[in-house]
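Enquirer: Quick one: the structure is below, questions incoming.
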2 protein chains.
Amino acid sequence: MSMTNNDELYKVFYWAAKMGSLTQAAKALYLTQPSVSHAIKQLEERVGVTLFYRNAKGVALTQEGKILFSYIEQSQILINLAEEKMVALKNLDSGELRIGGSDSLFKHYLLPFLEDFHIQYPGIKLHLKHGTTPEVISYLKDGRIDLGVVRMPIVDSLLEVTENIQLQDCFVAGERYAELKGQVLSMEQLMEYPVILFSRNSRVRMAITELFEKYGHELKPDIEVGSVDLLIEFARRGLGISFVTREFVSKELKEGSLFEIELDVEVPPSNVGMMIMRNMPISTAATKFMEMVR
Amino acid sequence: MSMTNNDELYKVFYWAAKMGSLTQAAKALYLTQPSVSHAIKQLEERVGVTLFYRNAKGVALTQEGKILFSYIEQSQILINLAEEKMVALKNLDSGELRIGGSDSLFKHYLLPFLEDFHIQYPGIKLHLKHGTTPEVISYLKDGRIDLGVVRMPIVDSLLEVTENIQLQDCFVAGERYAELKGQVLSMEQLMEYPVILFSRNSRVRMAITELFEKYGHELKPDIEVGSVDLLIEFARRGLGISFVTREFVSKELKEGSLFEIELDVEVPPSNVGMMIMRNMPISTAATKFMEMVR
DNA sequence: TATTGGTCATAGACACGGTCTATAGCTCCT
DNA sequence: AGGAGCTATAGACCGTGTCTATGACCAATA
């Protein structure tokens, strides 16, 4: 026995009470005065209580009307706030963008985009969630991030992946091993030098390990470090040969503090891509960000 | 550019979010599932934001949907409270009844009705506002009371008056003046005794003063008191002859502590009536109370 | 006291849109 | 593979909210 529909009437009631006039309420609501009059009458019938005193200069709330108004006023204010908030979300004046990925990708790949995005939409809070590729995928599936940025390839039917950029990993060394400049090394030759690898089970490390295995070699690092920054720093200081992403050391390569060591086999490039949940709506902020990156 | 109407959709949104299922929401709202589906879609178009993730086991709020829900939930809860409150007001489980009048009328005339009313509708708060007749009328016009109980006649085009009971005022004395029992006094004879009158500009006092004036006498009290109780008490203790409403001293007359002094002119009866504002809606509580009194 | 300009109420017609039924598409589970 | 959920879509219909036109009323003017 719902007899619902009252909600619309409450809005009319709210404005009528607020303006103290059905005519004025009609203007505020872009309706005609008879419509408002009719709506109020209907509401009064439904609640079974007279809500307004009518007189020649407008309307005034009855005792019971005042009680109703005290509730409805709050309710309508909340709705107005909600609508403002929604507009802000749509216009990207407010909201948040949650991205998952590795710190190195954030720092060396996403940073300029994040900066641009933040300048353009300062109201959007950025949440960067650090994690390995499988962690990022699970964050995505749990709805804890809006999009993930990881190394390809990813095969997951639930995910929608767009490959954005191709990165080339390579071995680099510092001045200490200047003798290797210009040479093309074989795997065996390279393994005679101390090798520095990323310590975590990252995509990059797995890829290079597999590449060596394919040729019958077991690549064991002499040093393992926990961040790309240390990988670079150790190589510069001559502690060994680091396996890094070329694009992440472009500055060092240019200034000469590091140089690339060429190998006689080709290291396959790795792709970095963004992934979102397939068949799930994507937030306006995430859409905008992906457009910027593309 | 209002594009209004959203209010109804918010209710659907609220239930859909609350139930986590459009089908369940439809049941709760006594609608069909397609209607709810359509409503949600429409709301999403209007706010320009996707609000739900749809999947095989129902729906779940998106990040933005959650934000909207946090507002709308409060709003809907307030509306529900408002509707409950209105039902309570209509059923007289709640609310208030504000009556204006003189203390003596409250005590001697209205008290039994007030008791009955309070027993029958314990949820209604009773506000008794004390004042002279003109004060009560202004309270009524200011909307500070729902109804007034005063002595008649009242002539005011803005008021609607119903006369409920007829009271007879009379002179009474105590044992000290036992010699007057059974006698019929003239005005002159009566004025030889000390007369006790109500001190305020009450209807009763004005009426008796005018009656004496009509016969060429000026009735000046030897004692003036401020309440009907004192009027009675002074007479009982033999301080003089009091002019009181007979119905208010019925107990004393019966037990013999007071007796009535008959006058050779008839004191016109006075009517007590209830008045409300003409052409103004009257609260359910006030209507009910007037019915009880009538 | 008649006039004017404001208020709200009523009547009746119209059209928009909310709701329905029927059906399809999808996912999960057995 | 089939069934049992769920939501989405299509199209028709009827209800109702809105409109215009008008009336009734009041208050403040002249």
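The values are calculated or read from the model by the stated rules, or taken from the named source; none is laboratory data. Computed from a predicted model, the values in this text were never measured in an experiment. For neighbour counting, all protein chains shown are included, and Cβ atoms are generated from backbone atoms with ideal geometry for every residue, glycine included.
Enquirer: How many of the residues making up segment B:143-171 are in a loop (DSSP other than H, G, I, E, B) and touching a helix residue (DSSP H, G or I) at 6+ places or on another chain (Cβ under 6 Å)?
Expert: 3
Enquirer: For A:Leu97, state whether it is under 43 Å from the mean Cα position of the chain (by Cα), under 30 Å from A:Phe198 (Cα atoms) and within 11 Å of chain B (Cβ to nearest Cβ).
Expert: So A:Leu97 fits the description; yes.
Enquirer: If you go through segment B:61-77, how many residues are of a type in the set (Gly, Ala, Ser) and at the interface with another protein chain (Cβ under 7 Å from one of its Cβ atoms)?
Expert: Residues in segment B:61-77 being of a type in the set (Gly, Ala, Ser) and at the interface with another protein chain (Cβ under 7 Å from one of its Cβ atoms): 1 in total.
Enquirer: Could you figure out which of (1) in contact (Cβ under 8 Å) with a residue 24 or more places away in the chain; (2) farther than 30 Å from A:Glu45 by Cα isn't true of B:Arg54?
Expert: It fails just one condition, (1).
Enquirer: Within segment B:1-30, can you find the residues that are of a type in the set (Gly, Ala, Ser) and either in contact with a Pro (Cβ under 8 Å, 6 or more places away or on another chain) or near DNA strand D (Cβ under 7 Å from one of its atoms) (or both)?
Expert: Matches in segment B:1-30: B:Ser21 only.
Enquirer: Quick one: count up the residues across segment A:207-247 that are more than 19 Å from A:Pro153 (Cα to Cα), among the β-branched types (Val, Ile, Thr) and within 29 Å of the chain's Cα centre (by Cα).
Expert: Adding up the residues that qualify gives 3.
Enquirer: Given the structure, is A:Phe69 farther than 30 Å from A:Lys288 by Cβ and in contact with a Gly (Cβ under 7 Å, 6 or more places away or on another chain)?
Expert: Answer is no for this residue.
Yes/no per residue for (1) at pLDDT 90 or above; (2) under 30 Å from A:Gly148 (Cα atoms); (3) within 8 Å of chain B (Cβ to nearest Cβ):
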{"residue": "A:Gln33", "(1), (2), (3)": "yes, no, no"}
{"residue": "A:Glu44", "(1), (2), (3)": "yes, no, no"}
{"residue": "A:Ala56", "(1), (2), (3)": "no, no, no"}
{"residue": "A:Ile79", "(1), (2), (3)": "yes, no, yes"}
{"residue": "A:Glu84", "(1), (2), (3)": "no, yes, no"}
{"residue": "A:Lys90", "(1), (2), (3)": "no, yes, yes"}
{"residue": "A:Asp93", "(1), (2), (3)": "no, yes, no"}
{"residue": "A:Phe106", "(1), (2), (3)": "no, yes, no"}
{"residue": "A:Tyr109", "(1), (2), (3)": "no, yes, no"}
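Enquirer: Scanning for something surrounded by fewer than 21 Cβ atoms within 10 Å (Cβ to Cβ) and within 11 Å of DNA strand C (Cβ to nearest atom), does segment B:11-19 turn up at least one residue?
Expert: There is no residue in segment B:11-19 that is surrounded by fewer than 21 Cβ atoms within 10 Å (Cβ to Cβ) and within 11 Å of DNA strand C (Cβ to nearest atom).
Enquirer: Would you mind finding the one in A:Pro122, A:Pro112 that is assigned to a loop (DSSP other than H, G, I, E, B) and either loosely packed, with under 14 Cβ neighbours inside 10 Å or under 13 Å from the mean Cα position of the chain (by Cα) (or both)?
Expert: Answer to the selection: A:Pro122.
Enquirer: On to the next question. If B:Glu8 meets every condition in (1) within 7 Å of another protein chain (Cβ to nearest Cβ); (2) at pLDDT 90 or above apart from one, which number is that one?
Expert: Every condition holds for B:Glu8 apart from (2).
Enquirer: Within segment A:44-98, work out how many residues are more than 16 Å from DNA strand C (Cβ to nearest atom) and β-branched (Val, Ile, Thr).
Expert: Matching residues across segment A:44-98 total 5.
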